[in-house]
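Just below is one structure, and these are the notes that go with it.
The values are calculated or read from the model by the stated rules, or taken from the named source; none is laboratory data. None of the values given here were measured: they were computed from a predicted structure. As a convention, Cβ positions derive from the backbone with ideal geometry for all residues, glycine included, and neighbour counts pool all protein chains shown. Just so you know, the surface numbers come from the protein's heavy atoms only, side chains and all, with ligands and any DNA or RNA stripped out. Shrake-Rupley method; radii C 1.70, N 1.55, O 1.52, S 1.80 Å.
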Amino acid sequence: MKMLEKITSRDNPKIKLARRVREGMETHLIFIEGVRLAEEALRSDVTVTQAFFTDEFSQKLRNRELLDKTIDRAVDGFEVPDRVFSSIADTDSSQGIILLAERPKHSRALVERRLSTPGSLPLVLFLHEVNNPSNLGAILRTGEAAGVAGVIVSKGSADVFSAKSIRASMGSAFRLPTVQNAEIDDILAWADSIGLRSTAADIRAATAYTGIDWRIPRLLVFGSEAHGLSVDDTSRIEELTCIPMQDYVESLNLAVSCGIILFEAVRQHSST
């Protein structure tokens, strides 16, 4: 087993790097905090480059298995006092473990392969200008639970691999193929070229989500939390659908809306 290097200064270059990654300033690396997410990262194929532990974490017997697995997987491991660790933590209760890892790189080709994989829902999510990282992470978690082939995220959206999004995804960000910085016109053309029917959730739609045939392979499009999709955007999408609600309710949370529609798709697909 590798030995842990001790760091005692907040000005150490490794500590400064961790802070830059946390703030999204080192875009080739991602920030993973807490026991559960560290375990999920180690179960996935992400490449862990550095691991930081508090003195207390590394000395507790119950953490030994996770500590050993992390050190064996990481390029470098560091033990730091609480006052230094708190300078890089993104939460008030980080549990004494932070990992830095290489940003996963996924492609549309991988999403296409998964569309034909047995057990996958023949559906790809496209998130257009979704700027709340917690919503984005929750949608990834919901999408993985439903078995979607992948998620495509437009330019102007939150970062899938920000610390907040990763936490909200509960590890799904490590596993679910996700393509970022896409243009809506390009994605709609791509969907058409591989036989995906573009379908958007829109409050103005006349057809309820239960009236859509989700057994047909689809690109399911959601707009931003604040503004939804523009009239111009919806005019280029083949089919619109809505979730019927009481008149006095303005809208549902985006991740909740996504879950409602996706699990209707799961229900229909599983009944075939």
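Numerical summary
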item: Scan of region 64-84 for residues that are open to solvent by 10 Å² or more (accessible area, probe 1.4 Å), in contact (Cβ under 8 Å) with a residue 24 or more places away in the chain and part of a helix (DSSP H, G or I), ordered by number; result: Leu66, Asp68, Lys69, Asp72, Arg73, Asp82, Arg83
item: Qualifying residue in region 222-234 (condition: within 30 Å of Ile32 (Cβ to Cβ), at pLDDT 95 or above and not small (Gly, Ala, Ser)); result: yes
item: In region 93-120, the residues that are out of contact with any helix residue (DSSP H, G or I) (no Cβ under 6 Å at 6 or more places or on another chain), farther than 18 Å from Arg22 by Cβ and either buried (at least 16 other Cβ atoms within 10 Å of the Cβ) or of a type in the set (Phe, Trp, Tyr) (or both); result: His106, Arg108, Val111, Glu112, Arg114, Leu115
item: Every residue from region 217-252 that is hydroxyl-bearing (Ser, Thr, Tyr), free of Cβ contacts under 8 Å to residues at least 40 places away in the same chain and either part of a loop (DSSP other than H, G, I, E, B) or open to solvent by 60 Å² or more (accessible area, probe 1.4 Å) (or both); result: Ser230, Ser235, Tyr248
item: Test: residue in region 121-137 that is open to solvent by 60 Å² or more (accessible area, probe 1.4 Å), more than 19 Å from the chain's Cα centre (by Cα) and in contact (Cβ under 8 Å) with a residue 24 or more places away in the chain; result: no
item: Region 196-220, residues that are within 24 Å of the chain's Cα centre (by Cα), among the hydrophobic types (A, V, I, L, M, F, W, C) and under 23 Å from Ser270 (Cβ atoms); result: Leu196, Ala201, Trp214, Leu219, Leu220
item: Entirely in region 110-202, the strands (runs of 3 or more DSSP E) that have 3 or more residues that are aliphatic (A, V, I, L, M) and more than 25 Å from Thr27 (Cβ to Cβ); result: none
item: Test for Asp68: is it at pLDDT below 95 and more than 25 Å from Asp11 (Cα to Cα); result: yes
item: Residue in region 253-260 that is assigned to a loop (DSSP other than H, G, I, E, B), buried (at least 16 other Cβ atoms within 10 Å of the Cβ) and small (Gly, Ala, Ser) present; result: no
item: Pair list, Cβ under 9 Å, 6 or more apart: region 7-31 residue part of a loop (DSSP other than H, G, I, E, B) and surrounded by fewer than 16 Cβ atoms within 10 Å (Cβ to Cβ), other residue of a type in the set (Asp, Glu) and at pLDDT 95 or above; result: Gly24/Asp159; Thr27/Asp159; His28/Glu102
item: Lone qualifier among Ile194, Ile212, Ile187 - being surrounded by 20 or more Cβ atoms within 10 Å (Cβ to Cβ) and touching a Leu at 6+ places or on another chain (Cβ under 9 Å); result: Ile187
item: Meets criteria (surrounded by 23 or more Cβ atoms within 10 Å (Cβ to Cβ) and touching a residue at least 24 places away in the same chain (Cβ under 8 Å)) for Val148; result: yes
item: Yes/no for Ala205 being among the small types (Gly, Ala, Ser), surrounded by 15 or more Cβ atoms within 10 Å (Cβ to Cβ) and in contact with a helix residue (DSSP H, G or I) (Cβ under 6 Å, 6 or more places away or on another chain); result: no
item: Condition met for Ala206 (under 22 Å from Ser169 (Cα atoms) and in a loop (DSSP other than H, G, I, E, B)); result: no
